[in-house]
Amino acid sequence: MTDQVSLNRAELSEPTYTADEMMTVAAARALRDGMTCFVGIGLPSAAANLARATHAPGLVLIYESGTIGAKPAELPLSIGDGLLAETADAVVSVPEIFNYWLQPGRIDVGFLGAAQIDKFGNINTTVIGGDYGNPRVRLPGAGGAPEIAASCREVIVVVRQSSRSFVERVDFITSVGYGSGPGDRQRLGLTGAGPKKIITDLGILEPDPVTLEFTLTGLYPGVSAAAARERTGWDLAVTAEPEIMAGPTPAELDALRSLSGGIPAPRSHE
Amino acid sequence: MTDQVSLNRAELSEPTYTADEMMTVAAARALRDGMTCFVGIGLPSAAANLARATHAPGLVLIYESGTIGAKPAELPLSIGDGLLAETADAVVSVPEIFNYWLQPGRIDVGFLGAAQIDKFGNINTTVIGGDYGNPRVRLPGAGGAPEIAASCREVIVVVRQSSRSFVERVDFITSVGYGSGPGDRQRLGLTGAGPKKIITDLGILEPDPVTLEFTLTGLYPGVSAAAARERTGWDLAVTAEPEIMAGPTPAELDALRSLSGGIPAPRSHE
Amino acid sequence: MAEIVSLAEAVEKAIHDGDAVAMEGFTHLIPFAAGHEVIRQRRRHLTLIRMTPDLIYDQLIGAGCARKLIFSWGGNPGVGSLHRFRDAVEHAWPTALEIEEHSHAGMANRYVAGASGLPFAVLRGYNGTDLYRQETLPASHGTAPTIKPITCPFTGETLTAVAAIRPDVAVIHAQRADRAGNVQFWGIAGVQKEAVLSSRRSVVTVEEVVDRLDPRPGDVVLPGWTVSYVAHVPGGAHPSYALGYTVRDNDYYVAWDAISRNREAFTRWLHERVYPAPAGQP
Amino acid sequence: MAEIVSLAEAVEKAIHDGDAVAMEGFTHLIPFAAGHEVIRQRRRHLTLIRMTPDLIYDQLIGAGCARKLIFSWGGNPGVGSLHRFRDAVEHAWPTALEIEEHSHAGMANRYVAGASGLPFAVLRGYNGTDLYRQETLPASHGTAPTIKPITCPFTGETLTAVAAIRPDVAVIHAQRADRAGNVQFWGIAGVQKEAVLSSRRSVVTVEEVVDRLDPRPGDVVLPGWTVSYVAHVPGGAHPSYALGYTVRDNDYYVAWDAISRNREAFTRWLHERVYPAPAGQP
């Protein structure tokens, strides 16, 4: 009862949270207790640590720095922060984390960010505009993402939505979602099932079961499907009755804010 | 002067040592201080540890159990004895010892035993007699030897000499010496230089510079070339003036005996 | 997530007739007690995989548990032959034993490939050896080759590929586990991590179950979610050893020569020391 | 066997114009002081190799030391862009920068191949990505491909081969060395072992030189005979860190954004903080 009252109070006094906070909470809710999760830095790391601090205390966080089962009490700024190593069940070398842990498909879920993403969930974090060798914007590049996208049993992408970042066709395929559509992952030999959700600051997109095109299936309180379509660079399909997601609970917000004193801006892909 | 006197006294009172002791001393003398040495168990291990206890205190012993820089105070019975790990500079996994340490050719000398060896230094530790799948004698097999023989900068073989073990043609090539003669190692892509010495209980064989056929170049005190030829299964060539090796010094014998209380019989290949 | 169970239950649940089983431990941490439990539960037609069969597989082979052996060095270290292994290969007693043999480097890389989810690994090895053509040799069992040439797509150089090992079950002995089934071992680490990570299921016997695994120099930690069953079996590596807990029983290795040399003496040993014994009492 | 020398001497002897240099350290143990010494000694035409170029290569690139960059993730972790890297790629300032880019998994395996004396490594990766065809893309530098398909000789499956990395020099920072030049580091270990073992020469800066390296949990030990030069440079990883000695200077990483965003601010930083400074004072 107490929880319900608190929730109602939070809803009444909206907006008590930012769009980024809602996005992070929604992403955290997508993780189940006991899962193993390969975590990218930035928003994905915030969401995974929020899940561990709330409904999924047994979530196993794996970072590409080789830390398995890291339990940071606050959000790391980088993927190789000392507190990840000091709180981990095991620390292994970087070749080992990719070869023995990620590649064989033993990780349940990969949690990725994106600079650009297309309707088949392909991700670009390499270059935007111009030519590859002479780009308008040089992004950081691949990091661990291509193999996270290929080999985790499933992938969740956490990214702010805009018509510039949600594009018909990415300028460079850094990490493969569904390629050009059904059958492509199998043809390419990618062992994981691919991206199951794109969680944005507006709502949630999921692949259409037949076409694999990402479709709006969920919206946060107060966000319209029209707004989501406007902030998408392709003709975004909307499911018949998009679910209206619950806003963050006070417990979720408290946990998130005490992790970080705010969410780290995912500026590393800008 | 004192050393010289001791040596003379030891020589006068022969036999103060066994043939196996002489062989082990001769093998130890083939190792130089500061070398890195990949050590097989049995006679090679005794010789390498003797070298470390006498003229080569900086000899780096590497065992296939992953122990790098092991400094056992007494001879290990097995390649994985606890004292190897406890005295090592580093202990690495078995895949790592072969892939990062042996394979790239960073080890100066490989020290091997043999059950059968032929005139080109090819070694058999697999089967003797009968057919491969139905042998007269099933030997232990390859272990680390094939890659030690392939990848160490050079190889020294320590083995008791007999017409049964020194054969025209080995029944099974487990580890390659010079194959069928000059050019074979290059053709096979073997990066190390191959066997430089076969040290036996009678003397020392070295490859002929042109034919690469192993030739008697050294004899222990009191051993004749005729005896060595008799205990060789091929028509053993003898160099013009075989060197007569010095017998063990008292210091060498003391060190050897205190390592082991005797030499371990290399029965693992019988 | 690992279940902590008795050794009998772990073997019963994890290891079935006909399975490919890798019991690893490179001289150190050999899971003898688990091996004896497999003998007691009369498993048959196993494919036994191990770099160094050692006494543990000599015993399983002699007890008739094995159909095939995949290995790289089958001796009694520092002592001599594995007589039960030899008797099986030389005289098919108690039953014929198919063999697939490699070098240590090849076996280690086959496990690495298995642990890495790759169908093969690449090494410099086997060139010029008869290991390369074992399937084609007289009286061989003619199984599918597991060693083949492979060409570097950048340099054109020919290297050697070995097929991945993917056992049904890995069995290892470790110093410790915690109550969540996280496993920790240290000292000579062998290929145990690779064996567990390449296998569908795993059984780990441990010297101790503790509340918390404090870090140790040279330790390897296998998270509980990579392990199927943990059983508390102090001394479960005897006559091998667990660094910091037990020492290698070299006398046992020497004494095994006489026991194993003779079929009757071995059979008596089985009936006196294995079939009736509780777990962990070799 | 490693020589213990000053940082200036180590860089002078080990790193030459035109060399391929791998300065490794995955967020942890990044050898900044050595990087600054390379800038001070005005090395030119280097091929810089590093999984995460990080601030250290942003600085070397901005200082004009590099001809080519081989990397897998070129951002300021948790902060944003590497502006000197971007300025070099986007506007060829201070000079054109050839790039060869990979995923982390690919780079890690390229080092593994180098350390293993193999010309290539195999992984599941790159399929379907544009990384695979980077040499053929418009305005690319068209260097030789380092990613190619390879077929499993056992299953027929197509996997990906990456070319080995064999740097001229590896540069790393470690917690400790002993007087014989044996090197020890612990915490996040990255690819430093592989970087050193794949390189012809190596420079290791350390927090401490001690009489004896007592074992530490999670430590990696590189024997002195695998290392060329050791230099005692306390704080030599700053603003990265050395677990147990220093903490990561996150504020520095944040502040770098403004310094590096502007060519003049960066040049001023170089002249004020690097060119005149003694080793280890960034």
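Our note on the geometry: Cα centres of the range C:117-171 and the range B:205-256, 38 Å apart. Other protein chain C-beta atoms within 10 Å of residue C-beta, averaged over C:66-76: 4. Between this copy and the others, label points of B:Ala251 are 7.6 nm apart in ascending order, each placed 7 angstrom from Cα in the Cβ direction. Here is how far apart the C:Thr136 label points are across copies: 3.7 nm, shortest first, using a point 7 Å from Cα toward Cβ. For the pair the range D:175-236 / the range C:35-109, the C-alpha centres are spaced 41 Å from each other. Taking each of B:Lys71/B:Lys197; A:Lys71/D:Lys148; C:Lys193/D:Lys68 in turn, the alpha-carbon distance tops 32 angstrom for A:Lys71/D:Lys148; C:Lys193/D:Lys68.
Ordered by the count of other Cβ atoms within 10 Å of each Cβ, fewest first, C:Ile99, A:Ile148 give C:Ile99, A:Ile148. Sequence-distant contacts, meaning Cα pairs under 8 Å at least 6 residues apart, place the relative contact order of chain C at 26 percent.
Mind checking A:72-78 for the average number of partner chain beta-carbons within 10 Å of each residue's beta-carbon?
4
Pull up the DSSP beta bridges for the range D:1-128 and report the antiparallel fraction as a percent, rounded to 5.
Given both bridge residues lie in the range D:1-128, the antiparallel proportion sits at roughly 15 percent.
For the range C:169-282, what relative contact order do you get, as a whole percent, if you take Cα pairs closer than 8 Å and at least 6 residues apart? 25 percent.
With R₀ set to 30 Å, the beta-carbon distance separating A:Asp254 from A:Arg229 gives a calculated FRET efficiency near 0.35. Arranged from fewest to most other beta-carbon atoms within 10 Å of their beta carbon, D:Leu137, B:Leu190 become D:Leu137, B:Leu190. Where only DSSP H runs of four or more residues are counted, chain D gives -7500 deg cm²/dmol as its mean residue ellipticity at 222 nm, each run worth -39500 (n - 2.57). Cα centroids of the range B:19-96 and the range C:240-264: how far apart, whole angstrom? Between the Cα centres of the range B:19-96 and the range C:240-264 lies a distance of 23 Å. Between D:Asp251 and D:Arg273, the FRET efficiency from the beta-carbon distance, with R0 = 25 Å, is close to 0.95. Beta bridges per DSSP, both residues in the protein assembly as shown: antiparallel share near 40 percent. For the pair D:Arg42 and D:Val210 in one chain, pulling the backbone fully straight at 0.36 nm per residue adds 57.3 nm over the alpha carbon distance.
Once you place label points 7 Å from the Cα toward the Cβ at C:Thr95 and D:Ala139, how far apart are they in nm? For C:Thr95 paired with D:Ala139, the spin-label model returns 6.9 nm. Cross-link reach is defined here as a Cα-Cα straight distance under 18 Å, omitting same-chain residues fewer than 8 places apart; for D:Lys13 the aspartates and glutamates meeting it are D:Glu3, D:Glu37, D:Asp168. Could you work out, residue by residue across A:35-41, how many beta carbons of other chains sit within 10 Å of that residue's beta carbon, and then give the average as an integer? Taking the mean over all residues of the peptide, I get 1. Which FRET efficiency value, to the nearest 0.05, do you get for A:Arg169 and D:Thr158 by plugging their Cβ-Cβ distance into 1/(1 + (r/R0)^6) with R0 = 25 Å? Computed FRET efficiency for A:Arg169 and D:Thr158: 0.45. Computed about its Cα centre, the charge dipole of chain B is approximately 340 debye, with only Lys, Arg, Asp and Glu carrying charge at their Cβ. For C:Arg42, the point set 7 Å out from Cα toward Cβ sits 8.6 nm from its twins in the other copies, listed from shortest up.
No value in this document is a laboratory result; all are computed from the given coordinates. This structure is a prediction, so every number in the text was calculated from the model and none was measured. Virtual Cβ from ideal backbone geometry, glycine too; neighbours counted across all protein chains shown.
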